[in-house]
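Participant: To start, I am sharing the structure in question, which I have written as structure tokens.
The values are calculated or read from the model by the stated rules, or taken from the named source; none is laboratory data. Since we're looking at a predicted model, the values are computed, not measured. Cβ placement follows ideal geometry from the backbone for every residue including glycine, while neighbour counts extend to all protein chains displayed.
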Amino acid sequence: MYDTNYHKPSSVADAVSALSGAEDGKVLAGGQTLLPTMKQHLAAPSDLVDIRAIPGMVGVDDDGDALTIGAATTHAEVAADPTVNAKLPGLAKLAGGIGDPAVRHMGTIGGSVANNDPAADYPAAVLGLGATVITSKREIAADDFFEGMFTTALEDDEIITAIRFPLASKAAYAKFPNPASRYAMAGVFVAESGGSVRVAVTGAGADGVFRHEGMENALSGQFSESALDYTDVDAGDMLSDLHGDGAYRANLVKVMAKRAVAKAG
Amino acid sequence: MTTITVSVNGKAVTRDISDNTLLSDFLREDLRLTGTHVGCDTSQCGACVVHVDGTAVKSCTALAVSLDGANVTTVEGVSTGGDLHPMQRAFNDNHGLQCGFCTPGMIMAGIDIVNRYQAEGKTLTEDAIRAELEGNICRCTGYHNIVRSIEDAAAEMAGMSKAAE
């Protein structure tokens, strides 16, 4: 790993100024992707700004209509949180299925969402639930946040502080993990709220997480597995690599969508 | 360089380290605690698992500088006096290792698994152990004896926590 300067600010304002003052600064939120990337010399940030010591960055807040989860809340904390389990069990289960236990003890929701890995799980929940990404500058709707693999609407000196998830009457996630890496080859989050359905797909799309309009329309008509029988997933929009070609992934997306619907009940 | 003070196996240590020092390197190179192994160095294998403030983490994927003030426990720190930890004893009794390279990580992950399940009052089944070992790779044993070791240790650790009540 190349040399770097570590900062541990105690406020969001200090974190932003450390980030904007750096030649090539990066936010360190859990490091479970960033540190391996740095070790492989695929990233060499001049400065790391660790946001985990900032008060208010960890925890779940329930205002009755939505759960707001602090950016530095670990996957293990979300998976075990009683409020998330009671109000959005599909989100708790998703968090409990990321990586492995040791990774879940360090990796955070803010880090995962900011990184927008095309095979990460959280982006599917953020987009599927129509969540709002709260940053040091503004609030960004999920539909405007994800801009293609590893690309988001975040500006260089902008830091995610929390994610606000509106409650849903039904919500669940199903994924098919790659047998070796355990990253999603296809992961589908479905959520139903007030008669409208959102379907977000991760792992499979050629350009990162995306919503599938055809499945959303079918499920809005009838929230059942069979409603998905006659929907089409375009193999041309899928990733195609040694782990699976586009047609294989397109089929997986449909199977995972059905499993998610079945889980959501 | 940054000065950090960390409690390692119950003993406070203060060192000047460069900001890019991984916890695994800090333990092995600076403190000469070579029980923590580095297998893959890509966060996959779990040979480097240690406990930070009571939970299992991959020490090859944590910066030592970020852990100023933390409590770190390595495999060298789990025995009490001359007595092996029940998890260590169970790996010995059940032949839960062959080459032994993954064993420090397996033991630290195993203790973490049992602690978490017991704290939550959940039953630790064989299936649960196998799922929990997702991030710990053994290339020798086929896992059967590792799973048995953790099952045995869990039973003994449950007895210990009952006795302590």
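Participant: Given A:246, A:265, A:195, A:205, which one is crowded, with 18+ Cβ neighbours inside 10 Å, more than 19 Å from the chain's Cα centre (by Cα) and not hydroxyl-bearing (Ser, Thr, Tyr)?
Facilitator: Step by step, each of A:246, A:265, A:195, A:205 is checked, and only A:246 is crowded, with 18+ Cβ neighbours inside 10 Å, more than 19 Å from the chain's Cα centre (by Cα) and not hydroxyl-bearing (Ser, Thr, Tyr).
Participant: Take the range B:8-44 and flag every residue that is more than 14 Å from every other protein chain (Cβ to nearest Cβ) and either within 18 Å of residue A:104 (Cα to Cα) or hydrophobic (A, V, I, L, M, F, W, C) (or both).
Facilitator: Result: B:8, B:12, B:13, B:27, B:31, B:33.
Participant: Assess whether residue A:119 counts as being over 19 Å from residue A:34 (Cα atoms), touching a strand residue (DSSP E or B) at 6+ places or on another chain (Cβ under 7 Å) and more than 14 Å from chain B (Cβ to nearest Cβ).
Facilitator: Answer is no for this residue.
Participant: I'm trying to understand the selection: among the residues of the range A:133-165, which are under 12 Å from residue A:110 (Cα atoms) and either part of a strand (DSSP E or B) or under 14 Å from the mean Cα position of the chain (by Cα) (or both)?
Facilitator: A:133, A:134, A:135, A:160, A:161, A:162, A:163, A:164, listed by residue number.
Participant: Which of the residues spanning the range B:27-42 are in a helix (DSSP H, G or I) and over 13 Å from residue B:13 (Cα atoms)?
Facilitator: B:28, B:29
Participant: Given the criteria of a type in the set (A, V, I, L, M, F, W, C), touching a strand residue (DSSP E or B) at 6+ places or on another chain (Cβ under 8 Å) and farther than 19 Å from residue A:28 by Cβ, does residue A:126 qualify?
Facilitator: yes
Participant: Residues of the range B:149-159 being over 12 Å from residue B:97 (Cβ atoms) and either surrounded by 14 or more Cβ atoms within 10 Å (Cβ to Cβ) or modelled with pLDDT of 95 or more (or both), which ones?
Facilitator: B:150, B:151, B:152, B:153, B:154, B:155, B:156, B:157, B:158 - these are the residues of the range B:149-159 that are over 12 Å from residue B:97 (Cβ atoms) and either surrounded by 14 or more Cβ atoms within 10 Å (Cβ to Cβ) or modelled with pLDDT of 95 or more (or both).
Participant: If we scan the range B:26-34, do we find a residue that is farther than 19 Å from residue A:32 by Cα, out of contact with any strand residue (DSSP E or B) (no Cβ under 9 Å at 6 or more places or on another chain), surrounded by fewer than 24 Cβ atoms within 10 Å (Cβ to Cβ) and of a type in the set (Lys, Arg)?
Facilitator: Checked the range B:26-34: at least one residue is farther than 19 Å from residue A:32 by Cα, out of contact with any strand residue (DSSP E or B) (no Cβ under 9 Å at 6 or more places or on another chain), surrounded by fewer than 24 Cβ atoms within 10 Å (Cβ to Cβ) and of a type in the set (Lys, Arg).
Participant: Please verify whether the range B:102-115 includes one or more residues that are more than 14 Å from chain A (Cβ to nearest Cβ), buried (at least 18 other Cβ atoms within 10 Å of the Cβ) and within 20 Å of residue B:25 (Cα to Cα).
Facilitator: yes
Participant: Right, another one. State which residue is farthest from the other protein chains (Cβ to nearest Cβ) when the search covers only the range B:65-95 and only residues that are touching a His at 6+ places or on another chain (Cβ under 7 Å) and not aliphatic (A, V, I, L, M).
Facilitator: Across the range B:65-95, the extreme among qualifying residues is B:79.
Participant: Being more than 9 Å from chain A (Cβ to nearest Cβ) and surrounded by 21 or more Cβ atoms within 10 Å (Cβ to Cβ) narrows it down to one residue among B:47, B:56, B:62; which is it?
Facilitator: B:47
Participant: Tell me, which strands (runs of 3 or more DSSP E) lie completely within the range A:166-253 with 1 or more residues that are among the β-branched types (Val, Ile, Thr), touching a residue at least 40 places away in the same chain (Cβ under 8 Å) and out of contact with any Ser or Thr (no Cβ under 6 Å at 6 or more places or on another chain)?
Facilitator: A:184-193, A:196-202
Participant: Then there is this: Can you tell me which residue in the range A:155-183 is modelled with the lowest pLDDT, limited to those that are surrounded by fewer than 19 Cβ atoms within 10 Å (Cβ to Cβ) and within 14 Å of residue A:204 (Cα to Cα)?
Facilitator: By that ranking, first place goes to A:182.
Participant: Would you tally the residues in the range B:116-127 being crowded, with 17+ Cβ neighbours inside 10 Å and either under 11 Å from residue B:151 (Cα atoms) or within 12 Å of the chain's Cα centre (by Cα) (or both)?
Facilitator: 1
Participant: Separate question: Has the range B:116-129 got any residue that is free of Cβ contacts under 8 Å to residues at least 60 places away in the same chain, touching a strand residue (DSSP E or B) at 6+ places or on another chain (Cβ under 7 Å) and either among the basic types (Lys, Arg) or not assigned by TED's automatic domain parsing to the domain that holds residue B:156 (or both)?
Facilitator: No, that holds for no residue.
Participant: Something else about it: Which of the helices (runs of 4 or more DSSP H) contained wholly in the range A:1-108 include at least 1 residues that are surrounded by 21 or more Cβ atoms within 10 Å (Cβ to Cβ) and either touching a residue at least 60 places away in the same chain (Cβ under 8 Å) or within 12 Å of chain B (Cβ to nearest Cβ) (or both)?
Facilitator: A:12-21, A:34-39, A:75-80, A:89-95, A:101-106
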